[in-house]
2 protein chains.
Amino acid sequence: MSDRLPPLTALRAFEAAARHLSFQNAADELAVTPAALSYQIKNLEAHLGAPLFTRLNRAVALTEAGKTLLPGTSDGFEQLRAAWRATQRLTDDTKLTITAGPAFTAKWLAPRMFRFAQANPDIEMRFAATLKVMDFTRDDVDVAIRFGLGGDEGYYSEPLLRGWLTPMMTPTLAEGVKTAEDLAKLPLIHDDSMTFLKRVPNWGEWFAAAGLPDVDTSHGLRFSQADHAVDAALEGAGVVLGRLSVTERYLGNGRLVAPFALSLTTPAHYRFVCPAGTETRPAVKRFHDWIYGEMAEIDHFAEGRDIRMIE
Amino acid sequence: MSDRLPPLTALRAFEAAARHLSFQNAADELAVTPAALSYQIKNLEAHLGAPLFTRLNRAVALTEAGKTLLPGTSDGFEQLRAAWRATQRLTDDTKLTITAGPAFTAKWLAPRMFRFAQANPDIEMRFAATLKVMDFTRDDVDVAIRFGLGGDEGYYSEPLLRGWLTPMMTPTLAEGVKTAEDLAKLPLIHDDSMTFLKRVPNWGEWFAAAGLPDVDTSHGLRFSQADHAVDAALEGAGVVLGRLSVTERYLGNGRLVAPFALSLTTPAHYRFVCPAGTETRPAVKRFHDWIYGEMAEIDHFAEGRDIRMIE
DNA sequence: ATGGTCGCTTAAATATACCTTAAGTGAACC
DNA sequence: GGTTCACTTAAGGTATATTTAAGCGACCAT
């Protein structure tokens, strides 16, 4: 018994036929006549030495052998298709798929995207806003903006921005706030999305850094996504420990203020990530250069800040 | 850009060439001339619209596109090969691969196998003695003898034998043992292999069932595999809580005795397991019938026993 | 019950894809 | 500087895949 593969066209014909349980439909899918399919199946059955389908009245059903063969071939062809698609994408500079977290997408990327799109009308953008770990090949993604330490083998990964977090609130709310003790009396807005870090930059950490380790930070509102926490602060619902990347536009237009110089930062940053080698693709390069240009414009918000690393 | 697959022979040629980084060697593997390979690669590159290899002096190297394409295609073809092999095995009744735990293989299967082999000289047997969970398709296994509750979807699973465990020792050692209290003074041999059960049938359970919950069972010898524990008991090293399936031959020939009627059993049993539908394959059926016949011959060891379920 | 339809099969003809042979290129090695 | 090695190219042949057309049997509707 040889462990070589049978003719691949026959295998592909089988996969389609078994999936549809109909030679007719499978033939349509492969854009051939039913006769061709019948011939291919017969050929494959001859190679195997046993039938793969039982021919019924006016339908076909899988034999045990067919049932054994189907899942593996389906998965196998799907993998081939995915690999081919990923390779095609490399040479296609008319589409670019970017994945980032929901907060970064909503508060940073989305408001700016039209500028990139206007400057690059030949590139069709797609966004996948999720915190899920994506597989570049499997999920058809070109670029990821991810929060992390970098250093993963096989990826190009460059820090985007040294971010930091500091108390932020509406100007109205800020009027009565002079000291850290004043802050603790306001409703605290908590962002619970950073669950994957060992030591999370939260209200407890900030008050500890401010010399008030015993402040009770358990009260207030909790959000599972950073952009929702910021939205609450915009409504004047309280004070949020806001991250630069999702608040800079409100700091810029005055809807939020950050009266304390004391800020927290972490060893992890937002990073620009793509498969190693693809950073030179024209579309990727253009997006890369654009995003770093945009980032440079928000650097000045760090001036005069007292930024403390927590780890 | 179509998301259909490129010509499959071209893809296969690429996979081999990329793996070898040599068209020559790839051509040998596929049993064609180098010219054919060159043609196929060129064809695939034309489909993609970009080169997959960079042609060097007298070698080839993968481009970024090639590096992207290789892993997926390799995995894909490997999956197709595995599925085909598994299907071929269904129609091949000259080989039978059985997996079972090390103890069951050593103490039950191995000593009896020659009888099956003599009665079925046309079947070539292979054994995989491991506790690892095997995948029938991926690991090329036909039949598994596994300890468990059964009920898994997609598998034929039939209880082999209602096993039980009871204190066993050499006849010499047994001379001074009249009561359970006597037992506790002997070296206890522990079998630590049943780690996957919630409640393990161990010495603590047995003494508790015997009405002696406070016996200290921490002393003695510990083994990570049941057959080694039994071997120690055969040497007279102590008393083991022996499982019927791995000791019946010694109970039969008198090398071990089991003086207490009190025995433990669990909801889980040894089971005969194979992919659903394959239980009717001639080679599988013959092995199935043989093993149940053999099992019937050790049923009489249960006579007069006081078997208690633990769960 | 019976003729029409549907889905698979078969056989012969045809088209396409694949492979081989043979000649050719360029760089590396001796 | 000639030889070798690995890939390339082109032409021609062969094997493989596909179509066309005819056929078969069972279901279904009349």
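Brief remarks on what is shown
- Once both labels are positioned 7 Å from their Cα atoms along Cα-to-Cβ, the gap between residue B:24 and residue B:172 label points is 6.9 nm.
- The stretch A:251-311-the stretch A:169-200 distance, computed between alpha-carbon centres (Å): 21 Å
- In this structure, residue B:129 and residue B:261 have a Cβ-Cβ separation that, at R0 = 45 Å, corresponds to a calculated FRET efficiency of about 0.90.
- Residue-normalised accessible area of the protein assembly as shown, given per residue in Å² at a 1.4 Å probe: 47 Å²
- Inter-copy label distances at residue B:110 (7 Å, Cα→Cβ; nm, one decimal): 6.6
- Degrees between helix B:64-90 axis and first principal axis of chain B (Cα, 0 to 90, nearest 10): 50 degrees
- A from B by rotation - nearest chain B beta carbon to the axis, in Å: B:8, 2
- Cross-link pairs exceeding 20 Å between alpha carbons, from the set A:95/A:132; A:178/A:198; A:107/A:132; A:42/A:67; A:107/A:178; A:95/A:285: A:95/A:132; A:178/A:198; A:107/A:178.
- At 7 Å out from Cα toward Cβ: residue B:198 inter-copy label distances (nm, ascending): 3.6
- Taking amide H as placed 1.01 Å from N in the peptide plane, the amide H of residue B:22 sits under 5 Å from none that are at least 5 places away or on another chain.
- Positive-end residue, the protein assembly as shown charge dipole about Cα centroid, Cβ charges, pick of B:221, A:240, A:119: A:119
- For the stretch A:161-298, the fraction of alpha-carbon pairs in successive 5 Å shells from zero, as %: 2, 9, 18, 21, 18, 13, 8, 5, 4, 2, 0
- Kirkwood Rh and Cα Rg combined as Rg over Rh, evaluated for the stretch A:8-90: 1.01
- Across the protein assembly as shown, the convex hull enclosing all Cα atoms gives 248 Å³ per residue.
- Counting from the shortest, the label point at residue A:276, 7 Å from Cα toward Cβ, is 4.4 nm from the same position in each remaining copy.
- Portion, in percent, of the accessible area of the protein assembly as shown that falls on carbon or sulfur, probe 1.4 Å: 53 percent
- Chains A and B together bury roughly 3800 Å² of accessible area, counting both sides, with a 1.4 Å probe on protein heavy atoms only.
- In chain A, the longest principal axis of the Cα atoms and the axis of helix A:110-119 are about 70 degrees apart.
- Seen against the Cα atoms of chain B and their longest principal axis, helix B:8-20 is set at about 70 degrees.
- Here is how the number arises for chain B: DSSP H runs of 4 or more residues each give -39500 (n - 2.57), the sum is divided by the residue count, and the result at 222 nm is -12000 deg cm²/dmol.
- Alpha carbon Rg of chain A, scaled by the compact-globule rule 2.2 N^0.38 Å: 1.42
The values are calculated or read from the model by the stated rules, or taken from the named source; none is laboratory data. Because the structure is predicted, anything quoted here is derived from the model rather than measured. FYI the Cβ positions are ideal-geometry reconstructions off the backbone, even for glycines, and counts take in every protein chain you see. Note: accessible area is taken over every heavy atom of the protein model, side chains too, but ligands, DNA and RNA are not part of it. Shrake-Rupley method; radii C 1.70, N 1.55, O 1.52, S 1.80 Å.
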